[in-house]
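Here the structure is laid out as structure tokens; the discussion comes afterwards.
Rule-based calculations on the coordinates, nothing more; no lab input. In this text the structure is predicted, and so the values were computed from the model without any measurement. Counting neighbours? That spans all protein chains shown, and the Cβs are built from the backbone with ideal geometry, glycine included.
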Amino acid sequence: MKKKTVPEKTRISRTSVLAIGVIAVIVIIAIAVFTLMPTARNAGTSVNTSDSFTTAGALYSKSVDLANAGNYKDALQAADLAMEQNASSLTPLIQANRAGILVMLGRNEEAITAADVAINARGNLTTTHSIAYYNKGNALRALGKTAEADAAYANATALDPSLKKP
């Protein structure tokens, strides 16, 4: 058997094969980067959202603890920092808490506004709504708006019978 020889014109040099291989690898890497980049961005966003939610929750808890200890100024500061995290699912709960803190600080108009944010939130938020109505009732009573306060207390009690008019 005679060995076939390939004419010199049709042979591909080793350098050419190596160059083509390197280019192919670069193209594959580029495609992978552009394909995976949106996934990486979305993963980063969910982590940031999760971090924001976790931070807001921790600040809300700190706010409650400070308020229970009678440190209303720092409690309000923690609640405001929790709001800055933009964890929208926690907004009604944080605002209901802020309303009670604001009442204790004598900032009753602001308390009513915070309570209304919580009250107007949609969803199955019975406990949050009841606390917001109760804190709104306290703010209205402090402002001498007895009839409106009684209505707010009635709404609170309807949602949670353990919340009685003071």
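Taking 0.36 nm per residue of separation and subtracting the Cα-Cα distance, full extension of the segment from Thr146 to Lys165 would add 5.7 nm. First check a/c for the range 76-166, with a ≥ b ≥ c the square roots of the eigenvalues of its C-alpha gyration tensor; if it is under 1.5, answer rounded, and if not, answer prolate when a/b is larger than b/c or oblate otherwise. Here the range 76-166 falls in the oblate category. Annotation: extensible slack from Ala158 through Asp51 equals 35.0 nm (criterion: 0.36 nm per residue apart, minus Cα-Cα distance). With R₀ fixed at 25 Å, the C-beta to C-beta distance from Ala58 to Asn124 puts the FRET efficiency at about 0.60. The slack between Asn68 and Ser88, meaning 0.36 nm per residue of separation minus the straight C-alpha distance, is 4.8 nm.
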